[in-house]
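The values are calculated or read from the model by the stated rules, or taken from the named source; none is laboratory data. This is a predicted model, so every value here is computed, not measured. When we count neighbours, we look across all protein chains shown, and the Cβ atoms used for this are built from the backbone with ideal geometry, even at glycine. We work out accessible area using only protein heavy atoms, side chains counted, and drop any ligands, DNA or RNA first. Shrake-Rupley method; radii C 1.70, N 1.55, O 1.52, S 1.80 Å.
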Amino acid sequence: PTPQHGPWIERPHLVDAVINAVSHQAVLICAPAGYGKTLLMSQVFNRLADRGEPVTWVSFDRQDTYPQNFIFYLMTALRRIFPDFGTEFFQLTQERDGLGVDIFLHTALAELSSLDKTVFICLDDLHNAMADQFPEMLEKLIRYSSRSLHYIVTAREIKQSAFWQLQAENHLYVVDAEKLAFNSDETQKYFSSEANLNLNEHQLTAIFNATEGWCMGLQLARLALMRSSDPDKVVKEFSGRNVDVSGYLLQSVLDAQQPHVRKFLLKTSILDRFSAQNCDALLGDSESSKLLAFLEQSNLFLIRLDADGTWFRYHHLFQKFLQKQLQISFPNEITSLQRNACLWFQEHQLPEEALGLARSMGDLSFILKIFSATGDRLADSGNHHIFRTIVELVPQEMRAEFPHIALKQVWLEVMNWNFSEAQELLELVANNQTNDDENKSLSRALLHRRLMLAFHHGDIKTAADLADTWLEKYRESRGYVTGSVYSVLLLSRSYLLDNAGGELVSQNACRFYPADSRRNDSAMAWHSCIIGLTHEIRGELSAALSGYTDAMRRTKNLIGAPPGVTAMPAIFTAQIYYEQNDLDKAQWLIDANPANEKPGGLIEYYLSYILTRSRLYAVESDADNSLRVLEDRLESSIAYDIPWVAREINAERIRRELTQGHVKEANAIAVKAGLFSENNPPDPQVGVTTWDATVVITWARLKLESSQHKAVVHVLRK
């Protein structure tokens, strides 16, 4: 536990209540901010440690929303007590990249259920880690862990019914806000014994009634009283059940500060996180480091965000109060402060925070200026979520006025398979384009988006031609865009069965990708998948697996990317495992990365998922489910307007029917899908793709069923 600052009293009755609840599997300390949840759990931890009980601790913050991390932290905390614990789990984390949360959870539960030694694990501020799947996951941990393992959890608010069901079944003991609130005796002890303030009964009663036993309110009252020579006046102002009592207490703390400290607090309150460096830039001085040290030493609601003490934030309630006071004290400076802070974050390559501040200003032209400067970085780093949030601020009728932003959106729509929207935006920009020299960059971006749309939509010959044209015109351009053109060219040529020079094209792509880690991880995750696909097309499975493994490593660092982008390399890997007859690994990866919704990423990933899942069912002799997977996904491929995927799915349906001896049904699928006709067999020409080859092979399979061997040999040789 982090050491607790300020005077606090021991609360033995609550400590005893938590420790005595060992008959339950878990204790949930649940209350709003400022009720002393962490303090109580710290006292429980210390009591258990003093008694020699095995006890460990994990704290969570708002960046801990990845379920795999939660399980990893929990298992690591237990390993600190039992060094040999969790061998299978930790081996899984090292050897099987790309696995989903369910596999990690089930492996952890298998080991947690066999734990035969009493141990207490404290999970602090779990509300910070509450992603959608957390309640169900935590419920499983509580239900199925060994009875010798006891969870003690703090959280601000958990409304999910699963927890109250656990309480009804006597698996969970809850300490709520009513139990955490100080009573009148504790209030008196706090002020007299710990805070060294000799208040009379009337003063204590007034403060108790005003704060209603809220721990944070008592602490704030203590700070206000210590800085005043007239306790009666302070107490009088705080008496009554005023809903703004917390705000008044905070104001009393603020008013007690020196003017330069007060000014610093108010003006930096616009920042959700800050450092000495950006505070100096915001305020135009060099005193921020000293002031931050003073605020931290004074326990003035300053919270460290890292171990080095570089980044901080204010307590949320305190920040909101400060922002309200800022509007009163410096109303004419707020816009200027926000603008300066925004530009600092932009300059330091932190686009999310820059755009957040720009949005708070409400100035659309300034938002678009910042977005124009940061949009490429958002796209390059894979953060599609905030990219779309900003794009949607631009009214449809204004898109033509901001062609560069429209073209950034085209890339976003292409990555998310919204091809019709991407085409409309391209036409909008093209129809409003002029031919003056100032639009050279626009022409370059327009050509790039056209080739990207052609590539992802499956028009491979056009994509390859446009990529060659782009490189002929703009070969000297630097950065991510040029790298992406080489990546498209690499895979397009492979699909066209033109593998000459592939290694050189790949090297050129990597040479142009940016050096900083966020952008490079995003770029290289895609490129490594493309490298894997080019090897897979040639049947070089080990080399393909190496490319996909590299992509899996890189996607772990992406933030805000669509689910398909992060799952993409794992699904490609599953397909390789299937081809290598390593069916258990293939099944693990497919189960861990379901493509249930429109996922984004390379469309080949979506097709790999469908085919591999269907083939795994076929291996188990489950023909019905094998066909069902294909039929269910056929409709979605048509809805996404990706006809080549539909052709591949129909080819696999025909293959599955033929393995069952259903020749009539297989022919019916071919006719309905329009793959070829009885009188017009496929005729491979120059420019044939691997997808055309699939159609030829499907036609050949059907003809062989009717013993038309000579016709088959002739077409296959072509």
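Screening Asp61 on (1) surrounded by fewer than 15 Cβ atoms within 10 Å (Cβ to Cβ); (2) more than 21 Å from Glu186 (Cα to Cα); (3) without any contact (Cβ under 8 Å) to a residue 40 or more places away in the chain; (4) not β-branched (Val, Ile, Thr) shows it passes everything except condition (3). Residues in the stretch 500-513 that are surrounded by fewer than 18 Cβ atoms within 10 Å (Cβ to Cβ) and either on the phi < 0 side of the Ramachandran plot or modelled with pLDDT under 80 (or both): Ala500, Glu503, Leu504, Gln507, Cys510, Arg511. In a residue-by-residue description of the stretch 82-91, the property of being assigned to a strand (DSSP E or B) and either modelled with pLDDT under 85 or buried (at least 21 other Cβ atoms within 10 Å of the Cβ) (or both) applies to no position. If you go through the stretch 604-645 and pick out every residue that is touching a residue at least 24 places away in the same chain (Cβ under 8 Å) and at positive phi, you end up with 1. State all residues of the stretch 469-480 that are outside any loop (DSSP other than H, G, I, E, B), touching a residue at least 12 places away in the same chain (Cβ under 8 Å) and open to solvent by 10 Å² or more (accessible area, probe 1.4 Å); if no residue qualifies, say none. Once the filter is applied, which keeps residues that are outside any loop (DSSP other than H, G, I, E, B), touching a residue at least 12 places away in the same chain (Cβ under 8 Å) and open to solvent by 10 Å² or more (accessible area, probe 1.4 Å), the stretch 469-480 yields Thr469, Lys473, Tyr474, Tyr480.
Conditions tested, residue by residue: (1) at pLDDT 90 or above; (2) among the polar types (S, T, N, Q); (3) open to solvent by less than 20 Å² (accessible area, probe 1.4 Å).
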position: Val235; (1), (2), (3): no, no, yes
position: Arg241; (1), (2), (3): no, no, no
position: Tyr248; (1), (2), (3): no, no, no
position: Gln251; (1), (2), (3): no, yes, no
position: Gln257; (1), (2), (3): no, yes, yes
position: His260; (1), (2), (3): yes, no, no
position: Leu265; (1), (2), (3): yes, no, yes
position: Asp306; (1), (2), (3): no, no, no
position: Tyr314; (1), (2), (3): no, no, yes
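Looking only at the stretch 278-304, count every residue that is of a type in the set (S, T, N, Q), more than 29 Å from Arg222 (Cβ to Cβ) and modelled with pLDDT of 85 or more and tell me the total. Residues flagged as of a type in the set (S, T, N, Q), more than 29 Å from Arg222 (Cβ to Cβ) and modelled with pLDDT of 85 or more within the stretch 278-304 amount to 1. Among residues that are in a loop (DSSP other than H, G, I, E, B) and crowded, with 17+ Cβ neighbours inside 10 Å, Gly34 is included. Hey, can you tell me all the residues within the stretch 630-672 that are under 31 Å from the mean Cα position of the chain (by Cα), of a type in the set (Val, Ile, Thr) and open to solvent by 10 Å² or more (accessible area, probe 1.4 Å)? Hit for the stretch 630-672 is Ile638, nothing else.
Residues in the stretch 412-425 that are in a helix (DSSP H, G or I) and over 20 Å from the mean Cα position of the chain (by Cα): Val414, Phe419, Ser420, Glu421, Ala422, Gln423, Glu424, Leu425.
Against the test of being at pLDDT 85 or above, more than 29 Å from Arg553 (Cα to Cα) and open to solvent by less than 60 Å² (accessible area, probe 1.4 Å), the options Leu74, Leu109, Leu39, Leu78 yield a single qualifying residue, Leu39. For the stretch 186-196, the candidate set comprises residues that are crowded, with 18+ Cβ neighbours inside 10 Å and over 18 Å from His13 (Cα atoms); within that set, the residue that is modelled with the highest pLDDT is Phe191. Among the residues of the stretch 22-31, those identified as closer than 14 Å to Val175 by Cβ and open to solvent by less than 10 Å² (accessible area, probe 1.4 Å) are Ala26, Val27, Leu28, Ile29, Ala31. Annotation for the stretch 693-716: at least one member residue is among the hydrophobic types (A, V, I, L, M, F, W, C), within 29 Å of Gln423 (Cβ to Cβ) and surrounded by fewer than 19 Cβ atoms within 10 Å (Cβ to Cβ). Of the set (1) more than 29 Å from the chain's Cα centre (by Cα); (2) at pLDDT below 80, all apply to Phe134 but (1).
Which residues, counting only those in the stretch 42-71, are in a helix (DSSP H, G or I) and at pLDDT 90 or above?
Of the residues in the stretch 42-71, the ones in a helix (DSSP H, G or I) are 42-50, 67-71.
Residues satisfying the conditions are Ser42, Gln43, Val44, Phe45, Asn46, Arg47, Leu48, Ala49, Asp50.
Can you tell me which residues in the stretch 481-499 are open to solvent by less than 30 Å² (accessible area, probe 1.4 Å) and either part of a loop (DSSP other than H, G, I, E, B) or within 20 Å of Ala445 (Cβ to Cβ) (or both)? Listed by number, the residues that qualify are Thr482, Gly483, Ser484, Val485, Tyr486, Ser487, Val488, Leu489, Ser492. So which residues in the stretch 609-647 are over 20 Å from Gln660 (Cα atoms) and not in a helix (DSSP H, G or I), if there are any at all? Selection gives Tyr640, Asp641, Ile642. Checked against (1) open to solvent by less than 50 Å² (accessible area, probe 1.4 Å); (2) among the basic types (Lys, Arg); (3) at pLDDT below 80, Lys320 meets all criteria but (1). Here is a list of conditions, (1) open to solvent by 50 Å² or more (accessible area, probe 1.4 Å); (2) under 25 Å from Ser636 (Cα atoms); (3) at pLDDT 70 or above, and His385 meets all of them except one; can you say which number that is? Against the list (1) open to solvent by 50 Å² or more (accessible area, probe 1.4 Å); (2) under 25 Å from Ser636 (Cα atoms); (3) at pLDDT 70 or above, His385 comes up short only on (3). Of all residues in the stretch 664-718, those satisfying the criterion of being in a loop (DSSP other than H, G, I, E, B), within 21 Å of Ser637 (Cβ to Cβ) and in contact (Cβ under 8 Å) with a residue 24 or more places away in the chain are Leu675, Pro682, Thr689.
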